[in-house]
Amino acid sequence: MNTFADALLSEKPGRIPEEYDWFKKLIGDWDCDYYDELDGKKRHVKGEWIFRRVLEGIGIQDIFIFPSRETRDNNPQPDGEYGTSLRIFNKNDDCYDVVYTCEGIMKRLTFRKEDDRLVGKVLDEESTYWIFSDITDTGFHWEYVMIDKDGTRNLVCEIFGKK
């Protein structure tokens, strides 16, 4: 008997209205390519990102694994993360309240839909955004972006997911 997993995981959208089921296409298992610069050198890391409906369908949770379980022994990273996000639809504000955590980190965000992008504002960090775009049944693009006071957009890192 696996009562924790049975109580956590859900197959149905629950109380998320269809027009706000923005993360629906992300549900599933994704192979990912992560790109950034570490110590002035361009870096590429293989990872996994797994999304599921949870809590009788009121939210979507993910598991963020970088480097992937398959590559971590051969390609360990000094700042690798094994974390999770919980996205709960906020019907009062027509957005998602999100918390992300991994070892030593806890971030709160609010996600809203802007055209075809899902834009998450990191609440405790000025001008910091996590953005999902180009979401299809077989791929997506994610960016961690910081906006300078002069409006300059700085890409911290990006991920390309594929099924």
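The values are calculated or read from the model by the stated rules, or taken from the named source; none is laboratory data. Note that the structure is a prediction, hence the values are computed from the model and not measured. Ideal geometry is used to build each Cβ from the backbone, glycine not excepted, and the neighbour counts take in all protein chains shown.
In region 14-23, of all residues being of a type in the set (D, E, K, R) and part of a loop (DSSP other than H, G, I, E, B), the one that is modelled with the lowest pLDDT corresponds to Arg15.
The residue list Asp39, Asp79, Asp33 contains one member that is over 13 Å from the mean Cα position of the chain (by Cα), over 25 Å from Leu123 (Cβ atoms) and modelled with pLDDT under 95, which is Asp39. Applying the set (1) closer than 25 Å to Glu19 by Cβ; (2) surrounded by 13 or more Cβ atoms within 10 Å (Cβ to Cβ) to Cys102 leaves exactly one unmet item: (1). Please find, among Glu11, Glu56, Glu48, the residue that is within 26 Å of Thr110 (Cα to Cα) and modelled with pLDDT of 95 or more. Going through Glu11, Glu56, Glu48 in turn, the sole match is Glu48.
Checking Lys91, Lys121, Lys149 one by one, the residue that is modelled with pLDDT under 95 and more than 25 Å from Gly40 (Cα to Cα) is Lys91 and no other.
Taking region 25-42 as the range and being touching a residue at least 12 places away in the same chain (Cβ under 8 Å) and either in contact with a His (Cβ under 8 Å, 6 or more places away or on another chain) or at negative phi (or both) as the test, the residues that pass are Lys25, Leu26, Ile27, Asp29, Trp30, Asp31, Cys32, Asp33, Tyr34, Tyr35, Asp36, Leu38. Checking each residue in region 65-86 for being within 13 Å of Asp31 (Cβ to Cβ), of a type outside the set (Ser, Thr, Tyr) and surrounded by 15 or more Cβ atoms within 10 Å (Cβ to Cβ) picks out Ile65, Phe66, Pro67.
Only a single item in (1) among the acidic types (Asp, Glu); (2) free of Cβ contacts under 8 Å to residues at least 24 places away in the same chain; (3) surrounded by fewer than 14 Cβ atoms within 10 Å (Cβ to Cβ) is not met by Asp21, and it is number (3). What about Ile105, is it in contact with a strand residue (DSSP E or B) (Cβ under 6 Å, 6 or more places away or on another chain) and among the aliphatic types (A, V, I, L, M)? When the stated conditions are applied, Ile105 does not pass them.
If you go through region 129-163 and keep only what is exposed (fewer than 15 other Cβ atoms within 10 Å of the Cβ) and not in a strand (DSSP E or B), you end up with Asp134, Thr136, Asp137, Thr138, Asp148, Lys149, Asp150, Gly151, Thr152, Lys163.
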